[in-house]
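Please read the structure below before turning to the comments.
The values are calculated or read from the model by the stated rules, or taken from the named source; none is laboratory data. These figures come from a predicted structure and were not determined experimentally. Here Cβ is always computed from backbone atoms with ideal geometry, including for glycine, and neighbour counts include all displayed protein chains. Only protein heavy atoms, including side chains, enter the accessible area calculation; ligands, DNA and RNA are left aside. Shrake-Rupley method; radii C 1.70, N 1.55, O 1.52, S 1.80 Å.
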There are 2 protein chains.
Amino acid sequence: MADKPSIPKGTRDFNPLEMARRNFIFDTIRKIFKTYGYLPIETPAMENLSSLMGKYGEEGDKLLFKILNSGDFKAKLDAETLHETPAGRLGVLIAEKGLRYDLTVPFARFVVQHRNDIAFPFKRYQIQPVWRADRPQRGRYREFYQCDVDVIGSHSLLNEFELMQIMDEVFTALGLKVVIKLNNRKVLAGIVEVIGEPDRMIDITVAIDKLDKIGMEKVLAELDQKGLSKQSVEKLKPVLEMEGTTSTKLTFLSGYLNQSEIGMEGLMEVDKLFGFLKDHPVDAAVEFDLTLARGLNYYTGTIFEVKSDEVQIGSICGGGRYDNLTGIFGLEGVSGVGVSFGADRIYDVLLQLERFPQEREMDTQLLFVNFGENEANYILSILRRLRSGGIASELYPDPVKMKKQMAYANNRKIPFVALVGEQEMQDGVITLKEMETGNQERLTPAELVERLSNNIS
Amino acid sequence: MADKPSIPKGTRDFNPLEMARRNFIFDTIRKIFKTYGYLPIETPAMENLSSLMGKYGEEGDKLLFKILNSGDFKAKLDAETLHETPAGRLGVLIAEKGLRYDLTVPFARFVVQHRNDIAFPFKRYQIQPVWRADRPQRGRYREFYQCDVDVIGSHSLLNEFELMQIMDEVFTALGLKVVIKLNNRKVLAGIVEVIGEPDRMIDITVAIDKLDKIGMEKVLAELDQKGLSKQSVEKLKPVLEMEGTTSTKLTFLSGYLNQSEIGMEGLMEVDKLFGFLKDHPVDAAVEFDLTLARGLNYYTGTIFEVKSDEVQIGSICGGGRYDNLTGIFGLEGVSGVGVSFGADRIYDVLLQLERFPQEREMDTQLLFVNFGENEANYILSILRRLRSGGIASELYPDPVKMKKQMAYANNRKIPFVALVGEQEMQDGVITLKEMETGNQERLTPAELVERLSNNIS
């Protein structure tokens, strides 16, 4: 026999059990998005490379999967161009399309392209795979699903709070304990303004982040090494030393940021969100976390990140407010806020904690053993009644040995097996066997439908 | 402003209304697949090109979207190779992966790769997009969805009949009148055997197919031109002249194919399926149609095709039995049968006939007008009750002019608007306005939940 076929590294097949588990996640998320009034959209797997390039930084461009132009893709290129042009630049000459890298840029493109048909504020969700030519490793795939929910065209902080409620409700429904971490880019902007280093936002958040791991002394040394003045570092020290509850931190910062307009604005936003939380508590823990610095190149206000409280894994959900996402496609001044759920990491957490529900509602409930043509023909009528009653049921297609048919029922974890032989046909009954207990009952077709309806409801 | 962004030709964005309509199709199909005991799988969008090339004929190879290797894809190629190698062959040197072209080949690959973990007979369904670099035109896209259902590992004709029941049930549930056309490759093999032209199966089915359009004389001339002997053509004539009901045709053929073992076997299979139909009738018309010749290169028995009885469009579903699909990946002798529903064509038919259901169950039922911070905060508690009762509801995020908020409700087709001002907050009530009638009622939060629960159920 030939070698076993395989699939590209970093991609996966999903078998029926994995599908049931994944759908548990997607269905839970989708249902909650809907009750909050978000509407689904989908965009093509392929986007024009011109829509994607330059949107994810230089590193991101390298991780885009490019699709070779159809036909004679090199017709217009001479030997020298083909040979001398570096692969990165040549790629763009022979590939006009690429696979989407996330759902955010296609969403921005969608909003700009269809802006005349959209009722703003536009509340949309999108659950689709994305592709990245990352080096595959445990928990990192080249094809994975994102579940994005965004509202665009409104500045109100009610949107941020709504997203916090959604994150909370999703993880509660999935049975996971999480911490929602919250930061605000304006607060960070205020801090760097106060210490007089407005361009060092990232260095400083990195420093704050490392505090727990390497200690104050080393952090200060690192900042010094990065060229921050002694004076700036001195001014930053109280922020690094800040401890206590969210409320304590906010009180401290309201004094510290006193002279920074943008800082105070950010602080007011954070304060307002915690105010909403006080009046309308959520199950998840919510923490103000100055080290949260994801997406600083496009987030302009609130930043979110969700971490599992039970499993050590990166963030399982995150997002924030962006005041100018559609600007990259020429439509300025449309503010939005959104979060993205990482379905694959959530899957890994649920699997590790064994939290997937056991029931697989729509799976086959009943297998009829096949004893031959006459019996099969008789059973087809009963099957019709069962199926129209919503009971997933099967007739084994071949009249093979009983043992083989029972093994199939076992492998498929089908809870009931029905036996209809000559005697049963004569008496107009079915012998129903419950696989777990071995109990058998003789039932009329009507009784059978009722028995199994009760079982699935 | 910059040029409006766009998407690659032949691809589409789907807005919320289109998504609701598409999901109506997918949900209907999926639900029926499940009641028959089929299980879902998914495969990656990208397959190794070696799994795809050569599986769809030479034309098919050209229609595969190839994905440029990441990194320095041309590192090992010298200038001459780059320039002199024709695009088709060079493509394979710089692209190892391709987008899946259908769901059948990935399914075969899946079965072979995971054969030790699969319980046979394996009943699977798969609903995913496929990509083809076809020239886009009305009703033909470069990205479109297929909904495949197959059972593999059983020779029983009960499987064929089950698929006919599924096709019938799906189109009945979608509210479409269809004709299920049925043929059998063995019958065709029998005919060419009888006339002594075993290698001319395709020429002869094409000839039969053209009979209606160009008439007997021209068909005979064409067969002559294609090099069939006078004797063969003479022997074929009775088949071309065959008329009447399915039953008449089968009776005629049982005489005609008398000396062909394979022909009689095929006839027996067709006969058996019509026998099942007699005992277990379906809503759709079922026709025996000798001109059905789709997929003759891999189908080995029954061939199916479904056409709309109301709209002129190509086939909207089709499939058949293949005795050696997994043979392409080295696993011989595993017989299967399956059909594929063309979701995009079904969409076009439903749209043209205006058969999409009006209700959009999970859409927002209720919009709260936003009068300001205090009211908003008060409403958040009511929203929580509504949403946990499964009622999709929203608070307009900004306290803008009433007119703008009402316009949003109109655009989104939200049936109810709720007004909560100072007076309502004092009285502990909500003023509910039904948009269609303009009727207003004052309700307590509990009454509101009940009122809207009744409305959606």
Tilt, helix B:246-256 to longest principal axis of chain B (alpha-carbon atoms), in degrees rounded to tens, equals 20
With +1 on the Cβ of every Lys and Arg and -1 on the Cβ of every Asp and Glu, the dipole magnitude of segment B:360-456 about its Cα centre, in debye rounded to the nearest 20, is 320
Here the averaged projected area of chain B, based on the convex hull of its alpha-carbon atoms and given in nm², is 32.1
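Stretch A:Asp134-A:Ser247 to full length: gain in nm at 0.36 nm per residue minus the Cα-Cα span?
This chain segment gains 36.7 nm when fully extended.
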at B:Lys31 the sorted inter-copy label distances (label 7 Å from Cα on Cβ side), in nanometres, are 1.6
Checked segment A:128-176 against the a/c 1.5 cut and the a/b vs b/c comparison, axes a ≥ b ≥ c from its Cα gyration tensor; verdict oblate
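At 222 nm, what helix-only mean residue ellipticity would chain B give, in deg cm²/dmol to the nearest 500, using -39500 (n - 2.57) for each DSSP H run of four or more?
It comes out at -13500 deg cm²/dmol, rounded to the nearest 500.
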Result for segment B:360-456: accessible area per residue, probe 1.4 angstrom, in square angstrom, of 49
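Can you tally the net charge around B:Met406? Count Lys and Arg as +1, Asp and Glu as -1, for every other residue whose Cβ sits under 15 Å from the Cβ of B:Met406.
With Lys, Arg at +1 and Asp, Glu at -1, the net is +2.
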With a ≥ b ≥ c from the Cα gyration tensor eigenvalues, square-rooted, and the rule rounded for a/c under 1.5, otherwise prolate when a/b > b/c and oblate otherwise, segment A:270-330 is oblate
Here FRET efficiency (C-beta to C-beta, B:Asp279 to A:Glu450, R₀ 30 Å, nearest 0.05) is 0.75
per DSSP, antiparallel bridges as share of beta bridges in segment B:360-456, % nearest 5, sits at 55
Applied in sequence order to segment B:372-378, the curve 6.51 cos²θ - 1.76 cosθ + 1.60 (Karplus, θ = phi - 60°) yields integer Hz couplings, x standing for Gly and Pro, of x, 4, 4, 4, 4, 4, 5
For segment A:192-286, the per residue accessible area (1.4 Å probe, Å²) is 57
If you rotate chain B onto chain A, the residue of B with its Cβ nearest that axis, and the gap in whole angstrom, comes out as B:Leu82, 2
Expected vector for segment B:29-39, Karplus 3J(HN,Hα) from phi with 6.51, -1.76, 1.60 and θ = phi - 60°, integer Hz, x for Gly and Pro, equals 5, 4, 4, 6, 3, 5, 5, 8, x, 7, 10
With a Förster distance of 60 angstrom and the Cβ-Cβ distance between A:Ser381 and B:Gln225, calculated FRET efficiency to the nearest 0.05 equals 0.70
In debye to the nearest 20, the charge dipole size for segment A:100-209, taken about the Cα centre with +1 at each Lys and Arg Cβ and -1 at each Asp and Glu Cβ, equals 440
Any residue on another chain or 5+ positions along whose placed amide H is under 5 Å from the amide H of B:Asn184 is listed here as B:Ile303
With +1 on the Cβ of every Lys and Arg and -1 on the Cβ of every Asp and Glu, the dipole magnitude of the protein assembly as shown about its Cα centre, in debye rounded to the nearest 20, is 820
Sequence order, segment B:232-239: Karplus ³J(HN,Hα) from phi using 6.51 cos²θ - 1.76 cosθ + 1.60, θ = phi - 60°, Hz rounded, Gly and Pro as x, gives 4, 4, 4, 5, 6, 3, x, 5
Rounded to the nearest whole number, the Stokes-Einstein translational diffusion coefficient of the protein assembly as shown at 4 °C and 1.567 mPa s (Kirkwood radius, C-alpha pairs) in µm²/s is 41
A chain fully extended from A:Asp13 to A:Arg89 at 0.36 nm per residue, minus the present Cα-Cα distance, gains in nm 24.1 nm
Length-normalised contact order of chain A, Cα under 8 Å, at least 6 apart, in percent, tallies to 14
Applying the gyration tensor rule to the Cα atoms of segment B:96-188 (axes a ≥ b ≥ c; rounded if a/c under 1.5, else prolate if a/b exceeds b/c, else oblate), the class is oblate
at A:Glu241 the sorted inter-copy label distances (label 7 Å from Cα on Cβ side), in nanometres, are 10.9
1/(1 + (r/R0)^6) with r = Cβ-Cβ of B:Gln423 and A:His155, R0 = 35 Å, i.e. FRET efficiency to nearest 0.05, evaluates to 0.80
Counting only protein heavy atoms with a 1.4 Å probe and every protein chain in place, the carbon and sulfur fraction of the accessible surface of segment B:112-155 in whole percent equals 39
Label points for A:Met216 built 7 Å along Cα→Cβ; distances to same position in the other copies, nm, shortest first, come to 10.5
iface B-A | buried accessible area, total | probe 1.4 Å | Å², round 100 | 9100
Taking Rh as the Kirkwood radius computed over alpha-carbon pairs of segment B:360-456 and applying Stokes-Einstein at 20 °C with viscosity 1.002 mPa s, one gets a diffusion coefficient in µm² s⁻¹ of 162
